[in-house]
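Engineer: Structure provided below as structure tokens; questions to follow.
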Amino acid sequence: MTDIYSAFSHGKAFIPFLTCGDPDLATTAEAVREAAKNGADLIELGIPFSDPTAEGPVIQGANLRALRGGVTTDKIFGLVSDLRRDVSVPLVFMTYSNVVFSYGADRFFSRCEEVGINGVILPDLPFEEKEEFSPFAKAHGVSLISLIAPTSQNRVAAIAQEAEGFLYLVSSLGVTGVRKEITTDLTGTVASIKANASVPCAIGFGISTPEQARAMASLADGVIVGSAVVRLFEKYGKDAPKQVGAYVAEMKRAISDL
């Protein structure tokens, strides 16, 4: 199975996020393939949850559309199994602790290993409580990816030292969503991460334009874009995959020479 480090092995990584099942799983599959074909180095797949506390209105809306359409965790595992026939880039789930808990942690991570998921991000799982899931993830070779926020401050070094896969650095306070500008000074946080972590660092939350991507990628090892990608599904529905591919190509070009 391709490992997460490969996403960062040939320059700055571009990481798009999309919500599985919005508007349906067939469209999700097509969009993942378009993203991979157009330069995505790693792809985050959102497992919908009814109360996604870290998400702004764009991704909340995608979650609700997917759930109303009948998507389930088992169907998403089936989607990934199908994708792995021809998609080789690392794939990471982003979801919430209750999804894993209700599915059964050992069963969840076992299925991740079986279908080819490289890592899992749980934004509502505090660093201090990660041992609830960490043993199951380790047993099945799946990275439990940690987040560092602007408020992490004196916890940055501790989180970075134990990081797996890559570190997700949250660019701004608040929930996900497109921002006109990112004003947080991340220089010190990135320096602390690099001094303590053995894994790459990617910045997410609020990035939507090539200029923002380039600015953030100049600091870190990669950039993550969610709401701007999900908006394409909101706007184009089943016709979104080609738009996603074009957007990924544009964003990748913006960071490719750094």
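The values are calculated or read from the model by the stated rules, or taken from the named source; none is laboratory data. Small disclaimer: the values here were computed from a predicted structure and weren't measured. Heads up, the Cβs are rebuilt from the backbone with ideal geometry, glycines too, and the neighbour counts pull from every protein chain shown.
Engineer: Name every residue in region 95-128 that is among the charged types (D, E, K, R), at pLDDT 95 or above and more than 19 Å from Tyr5 (Cα to Cα), in order of residue number.
Structural biologist: Within region 95-128, Asp106, Arg107, Arg111, Glu114 qualify.
Engineer: Oh, and also: For region 10-27, give me each residue that is at pLDDT 95 or above and under 24 Å from Gly222 (Cβ atoms).
Structural biologist: Gly11, Lys12, Ala13, Phe14, Ile15, Pro16, Phe17, Leu18, Thr19, Cys20, Asp22
Engineer: Kindly indicate whether Leu144 is of a type outside the set (S, T, N, Q), touching an Asp or Glu at 6+ places or on another chain (Cβ under 7 Å) and closer than 18 Å to Phe17 by Cα.
Structural biologist: Details: of a type outside the set (S, T, N, Q): yes; touching an Asp or Glu at 6+ places or on another chain (Cβ under 7 Å): yes; closer than 18 Å to Phe17 by Cα: yes.
The answer is yes for Leu144.
Engineer: If you check every pair at least six apart or on different chains, which have Cβ atoms under 7 Å apart with a residue in region 1-19 that is under 12 Å from Gly119 (Cβ atoms) first and a residue that is at pLDDT 95 or above and surrounded by fewer than 14 Cβ atoms within 10 Å (Cβ to Cβ) second?
Structural biologist: Sorted first by the residue in region 1-19, then by its partner, the pairs are Thr2/Ser88.
Engineer: Which of the residues belonging to region 14-55 are assigned to a helix (DSSP H, G or I) and hydroxyl-bearing (Ser, Thr, Tyr)?
Structural biologist: Passing the criteria: Thr27, Thr28.
Engineer: Do you know which residues across region 33-57 are modelled with pLDDT of 95 or more, of a type in the set (Asp, Glu) and either in contact with a strand residue (DSSP E or B) (Cβ under 9 Å, 6 or more places away or on another chain) or closer than 15 Å to Phe205 by Cα (or both)?
Structural biologist: Asp41, Glu44, listed by residue number.
Engineer: Additional query: Report the residue count in region 1-13 for those that are under 18 Å from Ser146 (Cα atoms) and either outside any helix (DSSP H, G or I) or basic (Lys, Arg) (or both).
Structural biologist: 2
Engineer: Related question: Give me the pairs: first residue in region 210-223 and more than 11 Å from Val190 (Cα to Cα), second residue surrounded by fewer than 21 Cβ atoms within 10 Å (Cβ to Cβ) and of a type in the set (Asp, Glu), beta-carbon distance under 8 Å, and six or more apart or on different chains, which are they?
Structural biologist: Pro210/Glu250; Gln212/Glu181
Engineer: A further question follows. So which of Lys235, Lys242 ends up being free of Cβ contacts under 8 Å to residues at least 24 places away in the same chain and either surrounded by fewer than 16 Cβ atoms within 10 Å (Cβ to Cβ) or β-branched (Val, Ile, Thr) (or both)?
Structural biologist: Answer to the check: Lys235.
Engineer: A follow-up question, please. Quick one: what pairs do we get from region 79-106, first residue free of Cβ contacts under 8 Å to residues at least 40 places away in the same chain, second of a type in the set (Phe, Trp, Tyr) and assigned to a helix (DSSP H, G or I), C-beta under 7 Å, 6+ apart or different chains?
Structural biologist: If the second residue must be of a type in the set (Phe, Trp, Tyr) and assigned to a helix (DSSP H, G or I), the pairs left are Val100/Phe108; Ala105/Phe136; Asp106/Phe136.
Engineer: Let me ask something else about it. Restricting to region 56-108, name every residue that is of a type in the set (A, V, I, L, M), part of a loop (DSSP other than H, G, I, E, B) and farther than 22 Å from Gly39 by Cβ.
Structural biologist: The one that is of a type in the set (A, V, I, L, M), part of a loop (DSSP other than H, G, I, E, B) and farther than 22 Å from Gly39 by Cβ: Val71.
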